[in-house]
Amino acid sequence: MTVLSPDALEARLREIGAERYHNRHAFHRALHDGKLNRTQVQAWALNRYYYQASIPVKDATLLARLPTAELRREWRRRLEDHDGNEPGTGGIARWLKLTDGLGLSRDYVESLQGMLPATGFAVEAYVHYVRDRSVLAAIASSLTELFSPTIISERVSGMLRHYDFISEETLAYFAPRLTQAPRDSDFALAYVKEHARTAEQQKEVIDALIFKCNVLWTMLDALQHVYMEGHPAPGAFAGAHTPEAFSA
């Protein structure tokens with residue numbers, strides 16, 4: 001490929017999001033449009049928990065490799081956003097409030113016992129990608145955040161409209177992400193536009209965003225296969241697992 005201008009590179013990245021971001025997936029459309037039952041929504045939240053809990057893990061692997069204090073300070077905010085600064089704060093804690101609100105046992109969710117195999121493989125592939133690839137590719141893989149405000153708005157409005165077991169309090173995870181994700185993606189986009197100067201580096205950035213879109217798409221593929229198309233996965237969540245059921 002030929003070398004793109006920084007603005008042309010950004011345009012290509014936005015094209016990838018328009019083509020490949022998981023707001024286009026059938027499972028997301030069903031979730032947003034109120035076509036899932038309670039067990040299917042629970043399965044989505046339970047499996048997504050592993051992704052949420054792994055975000056600060058992947059960010060910590062990158063933080064250790066960043067070469068300047070300025071970059072480390074910037075990236076450290078992402079860990080704080082998800083882990084919080086004290087128990088009960090941060091994105092992971094808010095996601096657990098979502099699974100609580102859906103009636104799932106917190107012990108069960110955190111145990112990962114009901115997680116789909118594909119969820120584990122997809123999330124771990126993402127963590128390993130950020131750990132093992134170049135700093136440029138690792139930062140570029142986070143650029144799905146460019147598109148997350150759109151999916152968050154769709155998800156929140158759709159779920160509140162269609163599901164009587166969902167409340168604004170249940171969906172409290174998403175409100176801070178409407179400001180955090182644009183802040184983080186603005187930084188990452190500026191970084192890759194400045195540092196992806198050769199055709200090889202720009203291809204690395206493009207491939208990183210495609211890889212990350214594939215991770216998110218794969219997670220929804222697995223949910224659709226098991227919970228919409230009726231192909232059971234051994235050991236996977238199949239309903240119940242309320243706090244009472246899990247402690248019994």
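Looking at segment 186-205, can you tell me whether even one residue there is acidic (Asp, Glu), in contact (Cβ under 8 Å) with a residue 40 or more places away in the chain and under 18 Å from LEU96 (Cβ atoms)? Scanning segment 186-205, I find no residue that is acidic (Asp, Glu), in contact (Cβ under 8 Å) with a residue 40 or more places away in the chain and under 18 Å from LEU96 (Cβ atoms), so the answer is no. The residues listed here are PHE211, PHE237; of these, the one that is assigned to a loop (DSSP other than H, G, I, E, B) and surrounded by 14 or more Cβ atoms within 10 Å (Cβ to Cβ) is PHE237. Total residues in segment 156-182 satisfying the condition of being of a type in the set (S, T, N, Q) and surrounded by 13 or more Cβ atoms within 10 Å (Cβ to Cβ): the figure is 2.
Of the residues making up segment 65-94, those that are touching a helix residue (DSSP H, G or I) at 6+ places or on another chain (Cβ under 9 Å), assigned to a loop (DSSP other than H, G, I, E, B) and farther than 26 Å from THR170 by Cβ are ARG65, LEU66, PRO67. Taking the criterion of being surrounded by fewer than 21 Cβ atoms within 10 Å (Cβ to Cβ) and touching a Phe, Trp or Tyr at 6+ places or on another chain (Cβ under 7 Å), the residues of segment 103-113 that qualify are SER105, ASP107, TYR108, LEU112. Number of residues in segment 124-136 that are farther than 20 Å from GLN52 by Cα and either surrounded by 17 or more Cβ atoms within 10 Å (Cβ to Cβ) or of a type in the set (Ser, Thr, Tyr) (or both): the value is 3.
Sub-8 Å Cβ pairs linking a first residue in segment 210-222 that is more than 17 Å from ALA45 (Cβ to Cβ) and in contact (Cβ under 8 Å) with a residue 24 or more places away in the chain to a second residue that is part of a helix (DSSP H, G or I) and of a type in the set (D, E, K, R), at least 6 apart or interchain, are ILE210/ARG20; CYS213/ARG20; ASN214/ARG20; TRP217/ARG20, ordered by first then second residue. Only one entry in SER134, SER153, SER141 is among the hydroxyl-bearing types (Ser, Thr, Tyr) and farther than 24 Å from ALA18 by Cβ, namely SER134.
Only one of the listed residues (VAL205, VAL215) is aliphatic (A, V, I, L, M), within 19 Å of LEU31 (Cα to Cα) and within 20 Å of the chain's Cα centre (by Cα). That residue is VAL215. Assuming ARG29 fulfils every condition listed in (1) buried (at least 16 other Cβ atoms within 10 Å of the Cβ); (2) touching a Lys or Arg at 6+ places or on another chain (Cβ under 9 Å); (3) closer than 24 Å to GLY120 by Cα apart from one, which condition is it? Checking ARG29 against (1) buried (at least 16 other Cβ atoms within 10 Å of the Cβ); (2) touching a Lys or Arg at 6+ places or on another chain (Cβ under 9 Å); (3) closer than 24 Å to GLY120 by Cα, the one that fails is (1). On inspection, ALA181 passes the criterion of being modelled with pLDDT under 95 and closer than 18 Å to TYR51 by Cα.
The values are calculated or read from the model by the stated rules, or taken from the named source; none is laboratory data. Quick caveat: nothing in here was measured; it's all calculated off a predicted structure. Please note: Cβ atoms are built from the backbone with ideal geometry, for glycine as well, and neighbour counts cover all protein chains shown.
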